[in-house]
Amino acid sequence: MSSTLFRNVSILDSTGADPYPGDVLVEDDRIAAVGTVDPARAEGARVVEGRGRTLMSGLCDAHTHFSWINSADLDGLGTMPVEEHLLASVESAKTYIDSGYTMCLGAASAKDRLDVVCRDAINAGRIPGPRYLANGPEIAVTGGALIKSITKFADGPEGMRKAVRELIDLGVDQIKLSMTGEEITGTQRAEDTYFSDEEVAAAVTEAHRRGKRVCAHARSAESVKMCLRNGLDIIYHASFTDDEGLDMLEEAKDWVFVAPGINWLVATLYEAESFGFPQEAAEAVGYKKELETAIKGLREMHRRGVRILPGGDYGFAWTPHGTYARDLEHFVELLGFTPMEAILSATALGGEIMLRPDELGKVQPGYLADLILVDGDPIADITVLQDRDRINAIMKDGRFHKEPGDDTTATAV
Amino acid sequence: MTLLICRTCPRYDMRATGTFGAVMSAAVAASGVAVRGVQCLGGCPEHGVVAVDGPGKTRVRFTGLDVGDADAVVRAARAHDASASGSPGDWVVPVELMERISAVTYKRLPL
């Protein structure tokens, strides 16, 4: 048995309790003890001297695209040869775990099996990466695709059932429906809804029948309500949720997740000029209105106890991989979360959305040892999680992906 | 005060990536300005990117910098920190950086 003792750390356990000083013992892939560790049990363990640094769960990104590769050319995602594309996707997976993210939920793959292959390679230990729930290409109806070259088209209930079956056959963990437009396309409006109730119902029913969940690109008010009416599991964006939708979300808060991808809106509105999309253009097509409407709705969802997770559609040129923790800053500064609430969303709720609430997302005995050692206090300054140099160690399954450094280790006697 | 420095500039040059962040961080190290090394600030076509930011304050990004701009960057960080909103106009942007602003990110809330 291998064991590691984190000694004198500030334990941010993601139960909601304030961080407290103590020790954490990891045995093999699990957390064995938290707080006060029996010295006899820790005998022979490798010791990491925490020196008051924060030990917390690895983070979760609930809206991940390994195969979005920091490109400003979205159509290029479809034309890029699969060999190069897989290599770039593998790099994305590594960037996630390098950034302290140990849980990711795939929100669509640019080609059929990129996500699935990356997930399997991570699970086999062939490449570094977070725990991953893989997706396939997003399903859109004719005339409703955001990027045609990376879309799986289906129409009508029978078409949806067939598309879902084909994706499940590829080995995906969840299905993605692209239900509304996106202003940057220039043709597909965010407030337009392209799916019908019958199509959503068919896709959800078929996926659930096979034990798979469904997520959706759903910006319009109608699409959010359509998701909820039909039991769709994970709603992305939800920018224009109206009062009726808020009531429905509150009623469904025990089973639905919302992941707004808020950084996409912020960065597309203010920070994309270097890639040819200046703020004036973004405002003209509606991103300022969408951001302000989304903030208002998300603050209300938060007030009502809806489960909102960070996960920001990273992987576009102006929302590059590796900047994932900026979402947590937005949760605090824009959505009114306390830093603790933002961290709970990225950890404890991460365990829930990964379908392993009793194993992932908390520093508790029996949980899987997916941990990060942070040089700083994320409760005092949530932005510290954006600085990879301040994440001194990263552990997944009880093994260090990032070693804490020789100067901090010894052997317990 | 927080100065964000890109740690991957120039992002698209795999042999040189990261050099800007290392050099700029070293150049401002003695200033006392709090530096946050971030993966990328999204101003890549004009590499050499930093931003000044702070809780509740407007983030202002500068691009196309090199180590010779370190002194101006420090002055910008201090002036931004001393301002109430962080928005340009509320503080004096060093003249050397006036043309280097490539993004102004407001943390505005709906009315």
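The values are calculated or read from the model by the stated rules, or taken from the named source; none is laboratory data. Since the model is a prediction, treat every value here as computed from it, not as a measurement. Because the Cβ atoms are built from the backbone with ideal geometry, glycine has one as well, and the counts that use them run over all protein chains shown.
Details
- Some residue of the range A:234-243 being more than 14 Å from every other protein chain (Cβ to nearest Cβ), assigned to a loop (DSSP other than H, G, I, E, B), out of contact with any helix residue (DSSP H, G or I) (no Cβ under 6 Å at 6 or more places or on another chain) and at pLDDT 95 or above: no
- The range A:166-197, residues that are closer than 21 Å to A:A282 by Cα and either surrounded by fewer than 19 Cβ atoms within 10 Å (Cβ to Cβ) or not assigned by TED's automatic domain parsing to the domain that holds A:A108 (or both): A:T185, A:G186, A:T187, A:R189, A:E191, A:D192
- Meets criteria (modelled with pLDDT of 95 or more, outside any loop (DSSP other than H, G, I, E, B), more than 30 Å from A:E138 (Cβ to Cβ) and touching a helix residue (DSSP H, G or I) at 6+ places or on another chain (Cβ under 9 Å)) for A:R51: no
- Residues of the range A:182-230 satisfying the condition of being closer than 25 Å to A:M301 by Cα and among the charged types (D, E, K, R): A:E182, A:E183, A:R189, A:E191, A:D192, A:D197, A:R213, A:R219, A:E222, A:K225, A:R229
- Test: residue in the range A:200-211 that is surrounded by 18 or more Cβ atoms within 10 Å (Cβ to Cβ) and closer than 27 Å to A:Y287 by Cβ: yes
- Residue, nearest to A:L55 (Cα to Cα), within the range A:6-35, restricted to residues that are assigned to a strand (DSSP E or B) and of a type in the set (S, T, Y): A:S10
Rundown of residues vs (1) more than 23 Å from A:E250 (Cα to Cα); (2) more than 14 Å from every other protein chain (Cβ to nearest Cβ), yes/no style:
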residue: A:G315; (1), (2): yes, no
residue: A:T319; (1), (2): yes, no
residue: A:F331; (1), (2): no, no
residue: A:L335; (1), (2): no, no
residue: A:K362; (1), (2): yes, yes
residue: A:D375; (1), (2): yes, no
residue: A:I382; (1), (2): yes, no
residue: A:I391; (1), (2): yes, no
residue: A:P404; (1), (2): yes, yes
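- Count of residues meeting criterion [over 21 Å from the mean Cα position of the chain (by Cα) and surrounded by fewer than 18 Cβ atoms within 10 Å (Cβ to Cβ)] in the range A:126-151: 5
- Residues in the range A:302-313 that are touching a Pro at 6+ places or on another chain (Cβ under 9 Å) and modelled with pLDDT of 95 or more were compared, and the one that is surrounded by the fewest Cβ atoms within 10 Å (Cβ to Cβ) is A:L309.
- Residue among A:N123, A:N135 that alone is in contact with a strand residue (DSSP E or B) (Cβ under 9 Å, 6 or more places away or on another chain) and free of Cβ contacts under 8 Å to residues at least 40 places away in the same chain: A:N123
- Search result, residues across the range B:2-27 that are assigned to a loop (DSSP other than H, G, I, E, B) and within 12 Å of chain A (Cβ to nearest Cβ): B:R7, B:T8, B:C9, B:R11, B:Y12, B:M14, B:T17, B:G18
- For the condition touching a helix residue (DSSP H, G or I) at 6+ places or on another chain (Cβ under 8 Å), outside any loop (DSSP other than H, G, I, E, B) and surrounded by 13 or more Cβ atoms within 10 Å (Cβ to Cβ), A:G78 qualifies.
- Filter result for A:V200 (touching a Leu at 6+ places or on another chain (Cβ under 7 Å) and at pLDDT 95 or above): yes
- Residue within the range A:261-271 that is in contact (Cβ under 8 Å) with a residue 40 or more places away in the chain and either outside any helix (DSSP H, G or I) or more than 12 Å from every other protein chain (Cβ to nearest Cβ) (or both) present: yes
- Qualifying residue in the range A:133-150 (condition: closer than 28 Å to A:P404 by Cβ and in contact with an Asp or Glu (Cβ under 9 Å, 6 or more places away or on another chain)): no
- Subset of the range A:369-413 that is part of a strand (DSSP E or B) and of a type in the set (S, T, N, Q) - its residue that is modelled with the highest pLDDT: A:N392
- Sub-9 Å Cβ pairs linking a first residue in the range B:63-77 that is within 18 Å of B:A16 (Cβ to Cβ) and touching a residue at least 24 places away in the same chain (Cβ under 8 Å) to a second residue that is crowded, with 24+ Cβ neighbours inside 10 Å and among the β-branched types (V, I, T), at least 6 apart or interchain, are B:T63/B:V49; B:T63/B:V50; B:G64/B:V49; B:L65/B:V49; B:L65/B:V50; B:L65/B:V73; B:D69/B:V50, ordered by first then second residue.
- Among residues that are modelled with pLDDT of 95 or more, in a helix (DSSP H, G or I) and either among the small types (G, A, S) or surrounded by 18 or more Cβ atoms within 10 Å (Cβ to Cβ) (or both), A:L349 is included.
- Candidate set: the range B:34-60, residues that are at the interface with chain A (Cβ under 7 Å from one of its Cβ atoms) and under 12 Å from the mean Cα position of the chain (by Cα); chosen: the one farthest from A:G336 (Cα to Cα): B:G43
- The range B:61-110 - residue that is within 16 Å of B:L3 (Cα to Cα) and of a type in the set (F, W, Y) and, of those, nearest to the other protein chains (Cβ to nearest Cβ): B:F62
- Qualifying positions in the range A:81-110 - in a helix (DSSP H, G or I) and aliphatic (A, V, I, L, M): A:V82, A:L86, A:L87, A:A88, A:V90, A:A93, A:I97
- Meets criteria (free of Cβ contacts under 8 Å to residues at least 12 places away in the same chain and of a type outside the set (A, V, I, L, M, F, W, C)) for B:E99: yes
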